[in-house]
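What follows is a single structure, written as structure tokens, with notes after it.
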Amino acid sequence: MKPLNLTKEIEKNEKTKKEILPIMYSYKERRDKILNEEEKEKFREELRRIKEKAIDGIGELKKRTIRNLEKNGIKVIEAKDSKDANKKIKEIIGKEKLVIKSKSNTINEINLNEALKDKELIETDLGDFIVQIFEGKEIHPVLPSADLTPKEISKKIKEKFGKDVQADPEEIVRFIRGYLREKMYEAKIGITGANVISSDGSIFILENEGNISLTSRIPDKHIILTSFDKIVSSREDALKIVKAGAIFGTGQDYPVYVNIISGPSKTADIQDKLITGAQGAREVYLILLDNKRSKILNSEFKELLYCINCGACLNFCPVYHQIFRRYGSDFPGVKGVIISYFKDSGKNAYKNGAFFCTTCKQCGENCPMKIDLSELIRKLRKQLSDKKIAPDTVIEMVKNVRQYGNPFGKLEEGKVPKKLYCC
Ligand code: SF4
């Protein structure tokens, strides 16, 4: 492994801070202009109730959802883990070479890019497209390429496509729009995630760019990959989650587009004969991923399944603001740490930052679903410490508390303890 160039890493980190932090702070300001404190709390209570009800009754709710989606012509496939999901996606894709996709944390979670490395897989979200041409990793769930400057992007476009594009955001967007349009019209397969599913048979995907609308409608087959914890009881509840995603995610009162998909495209305009694939996708597949979520559901971390992936917790996290993607796993921050505990091991959760959290509680206070992430990390630390997976100082302190009733060890009258464990 190449040795880490610390100076270079620090410089890179400082640049990331400069580019991304002002954007994250502006989201809070914008959110506070939409909802005052009282409205915000009322909305959070309501959202919490919606998700609690859904997750508590998820067994029956999932069955009802699958029944209604299938009645609407959507093919529902359950996948137990990433390998299974990738296998099922590949079966649907078949021999097609070109695949277009949109931003999705669940797609990242199964590492689809790696599974489809024999295909031409094109990101259609602008930020993700930029990350893809840099061969990097997204820095934030809703701000994937915020750490890159127009100058760097224009240089990369020249390198990759041989095109001179001015280091100006408008020019860059124009170039990428043209490039992606051609790919979209050529592709027969479009893959997206989903934000919410209503048990009455509709799938909700929110976006601002319009790429998801095109990815889900232009190709013949639309594959939606998401997980069962996205299910809520009704379309009314789903629309509230959509609104929360916009307000808490990016400080918008509503997203530019809300795609509500309730089946493949169809028409009965000619002699009332029902034909699928009028202008949109002929076939719609929904892959419902588990990937240890059932295990989380039956654990003391159940609350994590209320998460709507808005990213608001990261906008307030002092640890994430210092080390960004080094904190977490598939998902950044505390959520990513806990997921890695369930998916991989305690050691991985430790490596991903189980003991990084300062327990400042800013995340929970700003989370639309009122998820107390610092309490969840406390529970995780307890489980890890019981397995002796913790910093040495923590193990020593716990041992001392058990043996001497204090964290410092054996105390002697008039003497300062040998180890004070501060800083
Ligand atoms: S934990 Fe809360 S704030 Fe963080 S991404 Fe999930 S819903 Fe959003």
Subject >> Centroid-to-centroid separation of the range 10-70 and the range 357-423 [C-alpha atoms, Å] >> reply: 29 Å
Subject >> Hz values of 3J(HN,Hα) by residue in the range 73-82 - Karplus curve (6.51, -1.76, 1.60), Gly and Pro given as x >> reply: x, 8, 8, 9, 10, 9, 10, 7, 8, 4
Original post:
For the chain, what's the relative contact order in percent, using C-alpha pairs closer than 8 Å and at least 6 residues apart?
Top reply: 17 percent
Subject >> Table column - 3J(HN,Hα) (Hz), the range 30-43, Karplus curve with 6.51, -1.76, 1.60, x for Gly and Pro >> reply: 5, 4, 5, 7, 7, 10, 7, 4, 5, 5, 4, 5, 4, 5
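Restricting to the chain, compute how many DSSP beta bridges are antiparallel as a %, nearest 5. Could the numbers behind the result be given before it?
Details: 11 of 36 bridges.
Within the chain, antiparallel bridges account for around 30 percent of the total.
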Original post:
Roughly how tilted is helix 373-386, in degrees to the nearest 10 and between 0 and 90, from the longest Cα axis of the chain?
Top reply: 60 degrees
Original post:
Under a 5 Å amide H to amide H cut-off, with H placed in plane at 1.01 Å, what residues pair with Asp125 once short-range neighbours are removed?
Top reply: Lys103
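How much length would be gained if the chain were fully extended between Ala167 and Lys399, taking 0.36 nm per residue of separation minus their Cα-Cα distance, in nm to one decimal? All intermediate terms of the calculation are to be shown ahead of the outcome.
Working: separation 232, 0.36 × 232 = 83.52 nm, distance 5.77 nm.
My answer for the length gained is 77.7 nm.
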**OP:** Normalise the Debye intensity by I(0) for the range 295-404, one equal point scatterer per Cα, no solvent, then take log10 at q = 0.19 Å⁻¹ and round to two decimals.
**Re:** -0.94
Original post:
Tell me, Kirkwood radius of the chain from alpha-carbon pair distances, in Å?
Top reply: 23.3 Å
**OP:** Within 10 Å, count the other beta carbons around each residue, average over each peptide in 222-233, 53-64, and list them highest first.
**Re:** 222-233, 53-64
Subject >> For the range 399-414, 3J(HN,Hα) per residue [Karplus equation, 6.51 cos²θ - 1.76 cosθ + 1.60, θ = phi - 60°, Hz, x = Gly/Pro] >> reply: 4, 5, 4, 5, 7, 10, x, 8, x, 8, x, 5, 9, 10, 3, x
**OP:** Output the relative contact order of the range 302-423, whole-number percent, from Cα pairs under 8 angstrom with separation of 6+ residues.
**Re:** 18 percent
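Read-outs: derived from the displayed coordinates by stated rules, not from any lab. These figures come from a predicted structure and were not determined experimentally. Here Cβ is always computed from backbone atoms with ideal geometry, including for glycine, and neighbour counts include all displayed protein chains.
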